[in-house]
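Working notes, structure below.
Bear in mind these aren't lab numbers, they're just calculated from the coordinates by the rules spelled out. Not measured: the values here are computed from a predicted model. Virtual Cβ from ideal backbone geometry, glycine too; neighbours counted across all protein chains shown.
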Amino acid sequence: MNDRAGCDPFDVPSTVHALELSHVVKRYGDITAVNGLDLVVPEGGCVGLLGPNGAGKSTTMRMLTAQTIADEGQITVLGHELPGDSKAARARMGVVPQLDNLDTTLTVEQNLVVFSHLYRVPKAKRKDAIERVLGIANLGERRDSKVDELSGGMRRRLLIGRALIHQPQLVLLDEPTVGLDPQVRQELWALIDLLRSEGVSILMSTHYIEEAERLCDSVTIVSHGSAVAVGAPTDLVAEHAGRDAVEIYGSPERLIEIEAEMAKEGFPTRRTGTSIAVLGLDDAAGRAPAGERRPANLEDVFVLLTGEEIA
Amino acid sequence: MTTLPADQREPGRLERSAIGGVLVREIINFSSYWRSTTFSSTVEPTIYLLAFGFGFGSLVSVVGGYDYIDFVATGTVATAVLFSSIFPAMFGTFIKYKFQHTYDAILAAPVDTEELVTGEALWLAMRASVYGCAPLLVGLVFGLDPSWGMLAVPAINFVAGYGWACTGVAIAGWLKGIENFNYVTSAVITPLFLVAGTFFPLTGLPEWVQALAQLNPLFHCVQLVRHAAFGWEGWADVWNFAFLIIFGLLMWRVAIAAMERKLID
């Protein structure tokens, strides 16, 4: 479980990190929302912040724009120390919030005009910047539509496009596809992938495993406010879950029995809701239980490391 | 003044581009709702003016040496400024913070709370400056004599409006729920509105009320507007204006403190 020991998964000097948190703590009264979190986004990398609800992802995102001030630890964004130097960092960073905060009575284009001012795009470049974003977000034909009239997917594209108006070096995406249907999610993934290919550094919080698996070079899995695993998705799967998982079905009582049996055998297990997935079978040889065999995935690791109970 | 090297300089405070960004957002938004706002901001004081002017005007023709309608027309300017700055500040701030999450978006950009509050208050002060002239224009139609001093009214309105806008932002920042606004409206704004010499001169009120009225920014605004229309009164008006500026600066800092507490945790 201790992936953090000595662990820069990217093997690059720290000066080129787009973002770095070390031992960051944030408390609200008796509750410790973020508890000694370490997190690195290398320049040009796409890192997923993966964790269940209440793991501290949103608090972490707010700390990166200095809307939440850490109690302990250090945060550096694009070479700027936070919170003191946060404004300089914010000028070169784009933020896509989880909650849609577009101006709904304005048109698509008006929303972009407002943000071209807030992000200080020079007057001579404003028009081009807006055209570029309309292109990226594929909203050129809807430029004069009020935000109220857009579909959920279009609104999300505008929200992402808005964050790109000043060609930021780093983009923060807080649960970018939450609550959207699969088609729209694919559309947004393509958009995020485009950013990645342009060399923009990305930090993305999500609890959709597939999203992290597809888009991220590296993920940091957080639980109760601290990182419990860091690495490339495939490495994490290999390390924590092994090549294959075996799923065993049965009545709820039977599943509890299986869990106990596997624990005795020394195999990690995780519940899927309808079955027990037995993991860590790479060296099990003949001791592997009978059941439905399938490749292990990041979700197995996620549930294994962040616990099964819902906080 | 010596210039510090870039790495020793404080990150800029109250930057024009940041305040400008906040203003641009308000101005573009205004283009989508200006009709209704302008309607209520101009029609409401006009109704007050006509109702009091003609209603009371039929009972009393001269108040404090002025025609009653002239007295009310100048007094209502301050009321119009108050209503068109403090209420939009209270409700607008609360809605943008709580329901539209606009401030999250603005503070994620290179804009600090201080600049956000300043931009919002400047915009409301500009609006109030213009809307506040409506009663005066209506008064002119109903026989108020024009004077050069009236050209100072937009500036008086702006300063007073800035203070009231900051007060509204501070209230929104301080109160937890929008339902609590009723307490402030009833317990604070209504008395301020009535004990300011708008509709009747303060001279008929008990002395302690008159003394308290000296602390009411609205009273100083009423005085200034009236003197602008009917003749300046030297140092008294310097004091009235100074009072409004002090009020504006004080509430500006209070509003920033209240919003920082609310927006940054």
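With a point put 7 Å past each Cα toward its Cβ, work out how far residue B:13 is from residue B:60 in nm, to one decimal.
4.7
Classify the range B:103-174 as rounded, prolate or oblate, taking a ≥ b ≥ c as the square roots of the eigenvalues of its Cα gyration tensor: rounded when a/c is under 1.5, otherwise prolate if a/b is larger than b/c and oblate if not. Kindly include the intermediate steps, with their values, before the conclusion.
Working: a/c = 3.55, a/b = 3.05, b/c = 1.16.
It is prolate, given that a/c is not under 1.5 and a/b is the larger ratio.
If packing is taken as the average number of other Cβ atoms within 10 Å across a peptide's residues, how do A:280-293, A:94-107 rank, most packed first?
A:94-107, A:280-293
Treating only the Cβ atoms of Lys and Arg (+1) and Asp and Glu (-1) as charged, compute the dipole magnitude of the range B:33-263 about its Cα centre; round to the nearest 20 debye. The partial results should precede the final answer.
Values: 9 positive and 14 negative charges, 97 e Å.
With Lys and Arg at +1 and Asp and Glu at -1, about 460 debye.
When Cβ neighbours within 10 Å are restricted to other protein chains, what is their mean count per residue of peptide A:111-118? Could the numbers behind the result be given before it?
Working: counts 3, 0, 3, 11, 6, 2, 11, 13.
Shielding by partners across A:111-118 averages 6.
Using only Cα atoms and rounding to the nearest 10 degrees, what angle (0 to 90) does helix B:153-174 make with the longest principal axis of chain B?
That helix lies at roughly 50 degrees to the long axis.
Between the range A:240-261 and the range B:76-110, what is the separation of their alpha carbon centroids in Å?
56
Compute the relative contact order of chain B as a whole-number percentage, counting only Cα pairs closer than 8 Å that sit 6 or more residues apart in sequence. Intermediate values should be presented prior to the final figure.
On the way: 352 pairs, mean separation 68.3, N = 265.
Computed over chain B, the figure is 26 percent.
Once you put a point 7 Å from the Cα of residue B:36 and another 7 Å from the Cα of residue A:32, both along the Cβ direction, what distance in nm separates them?
4.9
Please list the non-local residues whose amide H lies under 5 Å from the amide H of residue A:171, H modeled 1.01 Å from N, same-chain partners needing a gap of 5 or more.
A:94, A:201, A:202, A:203
Report, in deg cm²/dmol and to the nearest 500, the calculated mean residue ellipticity at 222 nm for chain A, where each DSSP H run with n ≥ 4 adds -39500 (n - 2.57) and the sum is divided by the residue count.
Details: 10 runs with 104 residues, N = 311.
The helix contribution divided over chain A gives -10000 deg cm²/dmol.
Using θ = phi - 60° and the Karplus relation 6.51 cos²θ - 1.76 cosθ + 1.60, list the HN-Hα couplings for the range A:68-78 in order, rounded to whole Hz, with x at every Gly or Pro.
10, 9, 5, 7, 9, x, 10, 10, 10, 10, 6
Taking the C-alpha atoms of the range A:11-61, how large are the radius of gyration and the largest Cα-Cα span, Dmax, in Å?
Cα-based Rg and Dmax for the range A:11-61 come out at 12.4, 37 Å.
Would you mind working out the magnitude of the charge dipole of the protein assembly as shown relative to its Cα centre, with +1 at each Lys and Arg C-beta and -1 at each Asp and Glu C-beta, to the nearest 20 Debye? Don't skip to the answer; put the middle values down first.
Values: 45 positive and 65 negative charges, 365 e Å.
Value, rounded to 20: 1760 debye.
Relative contact order of chain A: what whole-number percent is it, with Cα pairs under 8 angstrom and at least 6 residues apart? Show your work: numbers first, answer last.
Values: 580 pairs, mean separation 67.4, N = 311.
Contact order relative to length: 22 percent.
Considering every residue in B:25-34, what mean count of other chain Cβ atoms within 10 Å of its Cβ is obtained? Mind showing how you got there, number by number?
Working: counts 9, 1, 2, 9, 5, 0, 3, 7, 1, 0.
Shielding by partners across B:25-34 averages 4.
Working only with C-alpha atoms, what are the Rg and Dmax values of chain A, expressed in angstrom?
Rg, Dmax (Cα atoms, Å): 21.4, 70.
Direction-averaged shadow area of the convex hull around the Cα atoms of the range B:33-263, nm²? Write down the numbers at each step before the final one.
Working: hull surface 51.7 nm².
The number I arrive at for the range B:33-263 is 12.9 nm².
Binning at 10 angstrom from zero up to the longest distance, how are the C-alpha pair distances of the range A:242-295 distributed in percent?
P(r) for the range A:242-295, in whole percents per bin: 27, 61, 11.
For a protection proxy built on the mean count of beta-carbon atoms within 10 angstrom, sort A:57-65, A:210-218, B:30-38 highest first, please.
Working: A:57-65: 23.7, A:210-218: 20.1, B:30-38: 11.8.
Highest to lowest by the protection proxy: A:57-65, A:210-218, B:30-38.
Applying a 10 Å radius around every beta-carbon, put B:66-77, A:121-132 in order of their mean neighbour count, most first.
B:66-77, A:121-132
What ranking do A:69, B:106, B:256 get, fewest neighbouring Cβ atoms within 10 angstrom at the top?
Working: A:69 14, B:106 26, B:256 22.
In increasing order of surrounding Cβ atoms, one gets A:69, B:256, B:106.
Two-decimal Rg/Rh of the protein assembly as shown from alpha-carbon positions, Kirkwood Rh? The partial results should precede the final answer.
Values: Rg = 30.4 Å, Rh = 27.3 Å.
Computed over Cα atoms, the ratio is 1.11.
Quick one: which residues, 5+ away or cross-chain, put their amide H under 5 Å from the amide H of residue A:18? H built at 1.01 Å from N.
Under 5 Å from the amide H of residue A:18: A:41, A:43.
Please report, in cubic angstrom per residue, the volume enclosed by the convex hull of the alpha-carbon atoms of the range A:195-311. Please list the in-between numbers first.
Working: hull volume 13.4 nm³, N = 117.
Expressed per residue, the convex hull around the Cα atoms of the range A:195-311 is 114 Å³.
Between residue A:180 and residue A:74, what is the label-to-label distance in nm when each label sits 7 Å out along the Cα-to-Cβ direction?
In this crude label model, residue A:180 to residue A:74 measures out at 3.6 nm.
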